[in-house]
Amino acid sequence: MTVRPLVILPDAQLRLVSEPVTEITDEIRELAADMVETMYDAPGVGLAAVQIGVMKRVVTIDASKDENAKHPTVYLNPEIVWSSEEKRVYEEGCLSIPDFYGEVERPDRVRVRYMNLDGQTVEQEADGLLATCLQHEIDHLNGVLFIDHLSKLKRDRVMKKFAKAAKRDAA
């Protein structure tokens with residue numbers, strides 16, 4: 001398992017739509033293991049493959065309450081098949097947008113269909129933090145960032161700040 005470097009805003013890769021996983025290979029299993037390692041190292045509760053520069057529909061999440069016990073789940077080709085009408089506001093952050101947080105309103109509960117590493121199709125209902133994480137990470141697979149759910153003013157400010165930092169780092 002390898003900790004891989006994170007793709008950071010304003011990198012255009014973050015806006016690309018990820019490709020479906022068509023078969024579970026050793027490469028996909030290795031990618032998932034590296035993603036779990038990278039997610040814990042960051043530290044974060046979720047990671048989409050695009051955030052390490054791999055354009056595959058793979059997500060890892062560990063939203064367990066117990067910080068000492070690790071319970072990561074790997075989601076291949078996850079899709080939201082149902083969401084509640086009730087909404088919840090949650091302060092979100094993103095490993096690809098370090099040190100920035102914003103309040104995002106999303107459905108409180110979702111049902112997600114995905115394939116696990118054994119090739120089985122699974123449906124899972126989630127609420128609270130897990131529901132928010134699933135929606136956040138699935139957004140990544142579609143080239144959508146949590147800042148896209150903020151006001152245009154806040155989003156523009158964040159984009160400008162990260163573009164300036166990227167320019168400074170490149171110099």
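The values are calculated or read from the model by the stated rules, or taken from the named source; none is laboratory data. For clarity, every value in this text was computed on a predicted model and none was experimentally measured. Glycine gets a Cβ as well: all are built from the backbone with ideal geometry, and neighbour counts include every protein chain shown. Just the protein is used for accessible areas: all its heavy atoms, side chains included, with ligands, DNA and RNA removed. Shrake-Rupley method; radii C 1.70, N 1.55, O 1.52, S 1.80 Å.
Points worth noting:
- Hz values of 3J(HN,Hα) by residue in region 11-26 - Karplus curve (6.51, -1.76, 1.60), Gly and Pro given as x: 3, 5, 4, 5, 9, 7, 8, 7, 8, x, 7, 8, 8, 8, 10, 4
- Longest segment of the chain lacking trypsin sites (Lys or Arg not before Pro) that sit in a DSSP loop with at most 14 other Cβ atoms within 10 Å: 71-171
- Working note: Karplus 6.51/-1.76/1.60 with θ = phi - 60° gives region 142-151 the couplings 9, x, 10, 10, 4, 5, 5, 8, 8, 5 Hz, where Gly and Pro are set to x.
- Applying the criteria of a DSSP loop state and at most 14 other Cβ atoms within 10 Å to the GluC sites (Glu not before Pro) of region 61-143 yields Glu67, Glu85, Glu86.
- Dipole magnitude of the chain, debye to nearest 20 (Cβ charges: Lys/Arg +1, Asp/Glu -1, about Cα centre): 920 debye
- Dipole magnitude (debye, nearest 20) for region 105-171, charges at Cβ of Lys, Arg, Asp, Glu: 760 debye
- In the context of the full set of protein chains, residues of the chain present 55 Å² of accessible surface per residue (probe radius 1.4 Å, heavy atoms only).
- Proximal lysines to Lys164, defined as alpha-carbon separation beneath 19 angstrom and excluding residues fewer than eight positions away on the same chain: Lys152, Lys154
- Amide proton proximity set for Gly53, modelled H, under 5 Å, gap of 5+: Val7
- Per-residue Karplus couplings for region 58-68, computed as 6.51 cos²θ - 1.76 cosθ + 1.60 with θ equal to phi - 60°, are listed in order as 10, 9, 10, 9, 9, 9, 5, 6, 7, 5, 8 Hz, Gly and Pro entered as x.
- Accessible carbon and sulfur surface of region 98-171 relative to its total accessible area, %, 1.4 Å: 49 percent
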